[in-house]
Amino acid sequence: MVLVIAILVIVIVLIIALAIVHTRRLRQEVEIYTPVGSMVNVNGSQMHVFSAGDAEQTALVFLSGHGTSSPTMDFKPLWNKLQGEYRVSVVERPGYGWSTHSGKPRDIETMLEETREALRLAGETPPYVLLPHSMAGLEALYWASKHPQEVRAIIGLDPCTPDSIDLLPPFRTVQLNFMYLISRLGLPRYIPDADIDTYLPLMQYEGFLEHDRASYRSLLYRSSFTRDMLNELRYLTQNAATVAEQAIPHDTPMLFFLSKEQEHVASGWERVMTSYLLQIENSELVPLETSHYLHHDKADQIVERIRLFIDNTRSVHTDPEKPRP
């Protein structure tokens, strides 16, 4: 019994020591790996908005899926190839990337208004072409329904629709809270580099500089399994219902890239995506043999289809006398 207690005390002391080191390292990294975009004060939080490209070009706005620790880095394989032709922006929700945490509700209305205000304060103006990944699909669809004049088109990257939420595996609260605790203690910092590279294949992206990789890693330690991310999951079913209650934005052009591997995680994924797009007057579905983070593996293919899609819809919006398709 004494031995067990002694071992337990040693483990607790070790964890506390590792947590202290983690906290100190975070303070140092905040000074070294500074935000690459604008920090704006929205709803009591500092939100990070990265933008690049000519402001006179078509504006593309990237919205990250749930749990993405560094949205700006995550989308770099796409925006890095698109910034020469379009205005690109990445909005990082509270608790993501360089954005600070929020104690505010994570209902879809609150999150959308935060996104719109963050873009406004960062100097961006609609209309936008929205590029949501995964759960951000709900926000994009809600945006197009509530403010159709602000949304030129939606290019979904395995995006969620209201009916797709029921297909996702149930979230285990105990497991998520455990991961939250592990992240706050900083234990992922001690995972070997080789394992990190396996877990994050984007680390091998050729467009990353060494500083990008180090910054990406520091944001993984800082912004993984945050409280805001967990709160988003608690609102997920409610948010899907709220979007479902809105009118479907039939006349908003939509291009959905679909991960074939997601079908193994959420059976019926392709059926639900196809069913939704059948209600949209101008829509395309592009299945890709890759993972849910399809913009990591298929960036070149996605970028080419984005260019064609925007070119095909551009004239509709530049000619005020021509109705939308």
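The numbers here are math on the coordinates, done by the rules we state, and not lab data. Here the structure is a predicted model, which is why all the values come from computation and not from measurement. Here Cβ is always computed from backbone atoms with ideal geometry, including for glycine, and neighbour counts include all displayed protein chains.
Listed here are the residues, each with its yes/no results for (1) in contact with a Leu (Cβ under 7 Å, 6 or more places away or on another chain); (2) surrounded by fewer than 24 Cβ atoms within 10 Å (Cβ to Cβ).
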{"site": "THR68", "(1), (2)": "no, no"}
{"site": "PRO71", "(1), (2)": "no, no"}
{"site": "PRO77", "(1), (2)": "no, yes"}
{"site": "GLN83", "(1), (2)": "no, yes"}
{"site": "VAL91", "(1), (2)": "yes, no"}
{"site": "SER102", "(1), (2)": "no, yes"}
The residue that is surrounded by the fewest Cβ atoms within 10 Å (Cβ to Cβ), considering only those in the range 182-192 that are within 24 Å of the chain's Cα centre (by Cα) and not hydrophobic (A, V, I, L, M, F, W, C), is ARG184
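Here's the yes/no breakdown for (1) under 16 Å from the mean Cα position of the chain (by Cα); (2) among the aromatic types (Phe, Trp, Tyr); (3) assigned to a helix (DSSP H, G or I):
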residue: SER99; (1), (2), (3): yes, no, no
residue: PRO105; (1), (2), (3): no, no, no
residue: GLU109; (1), (2), (3): no, no, yes
residue: ARG116; (1), (2), (3): yes, no, yes
residue: ARG120; (1), (2), (3): no, no, yes
residue: PRO126; (1), (2), (3): no, no, no
residue: VAL129; (1), (2), (3): yes, no, no
residue: LEU138; (1), (2), (3): yes, no, yes
residue: LEU141; (1), (2), (3): yes, no, yes
Matching residues in the range 134-165 (in contact with a strand residue (DSSP E or B) (Cβ under 8 Å, 6 or more places away or on another chain) and closer than 20 Å to THR313 by Cβ) number 14
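Every residue, every condition in (1) over 19 Å from the mean Cα position of the chain (by Cα); (2) under 19 Å from HIS66 (Cβ atoms); (3) surrounded by 19 or more Cβ atoms within 10 Å (Cβ to Cβ), yes or no:
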site: HIS211; (1), (2), (3): yes, no, no
site: VAL243; (1), (2), (3): no, yes, yes
site: GLN246; (1), (2), (3): yes, no, no
site: THR252; (1), (2), (3): yes, no, yes
site: LEU255; (1), (2), (3): no, no, yes
Residue hits (the range 278-299; surrounded by 17 or more Cβ atoms within 10 Å (Cβ to Cβ) and more than 21 Å from PRO169 (Cα to Cα)) are ILE280, ASN282, SER283, LEU288, HIS295, HIS296, ASP297, LYS298, ALA299
Restricted to the range 225-241 and to residues being surrounded by fewer than 20 Cβ atoms within 10 Å (Cβ to Cβ) and polar (S, T, N, Q), the residue nearest to ASP107 (Cα to Cα) is GLN238
Only one of (1) crowded, with 23+ Cβ neighbours inside 10 Å; (2) within 18 Å of ASP158 (Cα to Cα); (3) among the small types (Gly, Ala, Ser) does not apply to ALA266, and that is (1)
Within the range 18-32, restricting to residues that are closer than 16 Å to ALA214 by Cβ and β-branched (Val, Ile, Thr), the one that is surrounded by the fewest Cβ atoms within 10 Å (Cβ to Cβ) is ILE32
Checked the range 143-168 for anything within 19 Å of the chain's Cα centre (by Cα) and within 16 Å of HIS292 (Cα to Cα); matches are ILE155, GLY156, LEU157, ASP158, PRO159, CYS160, THR161, SER164, ILE165, LEU168
Of the listed residues (THR115, THR125), the one being hydroxyl-bearing (Ser, Thr, Tyr), buried (at least 22 other Cβ atoms within 10 Å of the Cβ) and touching a strand residue (DSSP E or B) at 6+ places or on another chain (Cβ under 8 Å) is THR115
Okay, helices (runs of 4 or more DSSP H) sitting entirely in the range 221-312 with 3 or more residues that are more than 29 Å from ASP193 (Cβ to Cβ) and touching a residue at least 60 places away in the same chain (Cβ under 8 Å), I get 227-234, 236-245, 269-277
